[in-house]
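One structure below.
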Amino acid sequence: MDRISEILTGDVKTMSIAGHIKPDGDCTGSCMALYLYVKKNCPWIDVKVYLETPKPEMMFLQDTSEIISENAPDTEAPDLFAVLDVSTRDRIGLAKKLLDAAKKTVCIDHHVSNGGLAQINVIRPEIGSCSEVLYELLDEEKIDEGIAEALFTGIIHDTGVFQYTNTRPETLRIGAALMEKGVPASTIIDETFNKKTYKQNQILGRTLLESMLMLDGKCIVASTTLRDMRFYDVTQQDLDGIVSQMRLTEGVEVAVYIYETQPQIFKVSLRSSGKADVCRIASAFKGGGHVKAAGCTMQGNVHDVINNLMGVISEEINKIS
Ligand SMILES: [Mn+2]
């Protein structure tokens, strides 16, 4: 399939759209963009969007109040079912059964691991966000400001505001085209991506303050215990982004952030500045991930966990220096 118009044909009277469970910015953005696009341009189609309640900062997108989060679809199967940003069946959630029931199914995605779960599959692992994959299927002149906002939001979330290595020259050209539709770019970037709650800033500050440089400054380590989390009244989600900030410390090759999920059980987050392979470090403790971002789970007290990690990390750092 090259154009979305190939499937939005006159015989399609009903359509459902779904993203993945725990929808992130790209998932919410791409699902809402397609929903708004069909509503605006295909008045003959009765379209529904199934998605777990998005994060509060995403709710400014047009028509998010129409998202169906609670009730699973009724028995009537739609003519067309589209899944976006979903790499495996079991991540579809509420609307999963429509994949077998719908007359026609399409999957639009960018995950390398997606083997193609629908009848028609547009899977582009070389593209940084599902929202960009979708954009390239849409007719530019049919994109209005609301659709553009949803696509723009999706793109900035999966590319870290055009900053990760998955950002292509074309990503910036698409971003520019969407801005020309009237997208308030800097407001969306601040409100949905940069903004932190006061509590999130407090735990970030405390973690950085108590971080330690080890291995001649090539490794930075910090920890958060359940006690700290209770003190600052934060959840695991509030800890997102801390390890990325630690990684930006000058001279650091590996950043290690550990936080307690249950008494004496720690989630270990590892980031590399480029040369060290943190996936190899995580694998030594039955974890995994990518070369530059990986994780594992370890048991014991904070000091045991850090000691056990340091042996493997110093080996990895010795390899690259
Ligand atoms: Mn995505």
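The values are calculated or read from the model by the stated rules, or taken from the named source; none is laboratory data. Since the model is a prediction, treat every value here as computed from it, not as a measurement. FYI the Cβ positions are ideal-geometry reconstructions off the backbone, even for glycines, and counts take in every protein chain you see.
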Residue match in the range 91-107 (condition: under 26 Å from Val183 (Cβ atoms), assigned to a helix (DSSP H, G or I) and within 16 Å of the ligand (Cβ to nearest atom)): no
Residue, surrounded by the fewest Cβ atoms within 10 Å (Cβ to Cβ), within the range 5-31, restricted to residues that are under 15 Å from Lys103 (Cβ atoms) and in contact with a Pro (Cβ under 7 Å, 6 or more places away or on another chain): Thr14
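Could you check the range 221-321 for helices (runs of 4 or more DSSP H) lying wholly inside it with 1 or more residues that are acidic (Asp, Glu) and over 21 Å from Thr197 (Cβ atoms)?
Values: elements: 226-232, 242-247, 278-283, 302-320.
The helices (runs of 4 or more DSSP H) meeting that bar are 302-320.
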Among residues of the range 165-196, those that are among the hydroxyl-bearing types (Ser, Thr, Tyr) and touching an Asp or Glu at 6+ places or on another chain (Cβ under 7 Å), counted: 2
Selection count, the range 161-176, where residues are closer than 24 Å to Asp240 by Cα and either within 12 Å of the ligand (Cβ to nearest atom) or not in a loop (DSSP other than H, G, I, E, B) (or both): 2
Output for the range 136-153, where each listed residue is within 15 Å of Val183 (Cβ to Cβ) and either within 13 Å of the ligand (Cβ to nearest atom) or acidic (Asp, Glu) (or both): Glu140, Asp144, Glu145, Glu149, Leu151, Thr153
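Of the residues Met32, Met1, Met59, Met15, only one is within 16 Å of the ligand (Cβ to nearest atom), of a type in the set (A, V, I, L, M, F, W, C) and out of contact with any Gly (no Cβ under 6 Å at 6 or more places or on another chain); which? Break it down into steps so the answer makes sense when it comes.
Numbers: Met1 fails: within 16 Å of the ligand (Cβ to nearest atom); Met59 fails: within 16 Å of the ligand (Cβ to nearest atom); Met15 fails: within 16 Å of the ligand (Cβ to nearest atom).
Among Met32, Met1, Met59, Met15, only Met32 is within 16 Å of the ligand (Cβ to nearest atom), of a type in the set (A, V, I, L, M, F, W, C) and out of contact with any Gly (no Cβ under 6 Å at 6 or more places or on another chain).
Regarding Thr153, is this residue touching a Phe, Trp or Tyr at 6+ places or on another chain (Cβ under 9 Å), assigned by TED's automatic domain parsing to the domain that holds Lys13, among the hydroxyl-bearing types (Ser, Thr, Tyr) and buried (at least 17 other Cβ atoms within 10 Å of the Cβ)? Spell out the reasoning first.
Values: touching a Phe, Trp or Tyr at 6+ places or on another chain (Cβ under 9 Å): yes; assigned by TED's automatic domain parsing to the domain that holds Lys13: yes; among the hydroxyl-bearing types (Ser, Thr, Tyr): yes; buried (at least 17 other Cβ atoms within 10 Å of the Cβ): yes.
Considered against the rule, which asks whether it is touching a Phe, Trp or Tyr at 6+ places or on another chain (Cβ under 9 Å), assigned by TED's automatic domain parsing to the domain that holds Lys13, among the hydroxyl-bearing types (Ser, Thr, Tyr) and buried (at least 17 other Cβ atoms within 10 Å of the Cβ), Thr153 comes out as yes.
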Members of the range 88-109 found to be of a type in the set (S, T, N, Q) and crowded, with 17+ Cβ neighbours inside 10 Å, listed by number: Thr105
